[in-house]
Amino acid sequence: MAEVFSLLVGTGEALGEEASMTRYKRLVVVSLAVFATTGIAAANAHAPSITGFPNKIRQVDLAGYKLVTSYPLGANTGFTFEQTYLPGGKVSAHALPPTGQVFVSNYVAMPVAHKLLMVTWYADNGTLNDVFVMNFKTGIVSDVAPGPSPPSLGTVKITQRGPHRIP
């Protein structure tokens, strides 16, 4: 440490007053930069992530959102669905064009990363109906329903926004 100090500030011997002051200013700037970097790193280390971990489980309220998912791959190949998210943790979905069948479920949406949600649909008795991973940045949706059916992969678009933003 003494060597670093000597290099930055100098020993004062054989240095003019101006050169010594320049090295002193350099030491102050470097010290402040190190202090600021350390403080920022420490603050970020304790800040919760987008998921809320390790302090809580964050959820996203999708009430008011309408999404359209369309699947060129997997069990839902050729199908397009409109999902309408309702208050109280409910979701309603139907095929496009409408066939008269409407599926209603409970849901929980959790942020996984920036503009990336895991949305789980479940029945009143807790039975899992469907799990989606929706990437709103790329417009890709992965859909895994329970049972032997293969997963589906397609696109997701927001056609109506709700009052709560998707983180």
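The values are calculated or read from the model by the stated rules, or taken from the named source; none is laboratory data. Here the structure is a predicted model, which means the values were calculated and not measured. Cβ: placed from backbone, ideal geometry, glycine included. Neighbour counts: every protein chain shown.
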* Yes/no for Gly74 being of a type in the set (Gly, Ala, Ser) and in contact (Cβ under 8 Å) with a residue 24 or more places away in the chain -> yes
* **Candidates Ile140, Ile158, filtered to the one that is closer than 19 Å to Ile50 by Cβ and touching a residue at least 60 places away in the same chain (Cβ under 8 Å)** => Ile158
* Out of Asp130, Asp124, sole residue that is buried (at least 17 other Cβ atoms within 10 Å of the Cβ), assigned by TED's automatic domain parsing to the domain that holds Leu86, acidic (Asp, Glu) and more than 18 Å from the chain's Cα centre (by Cα) -> Asp130
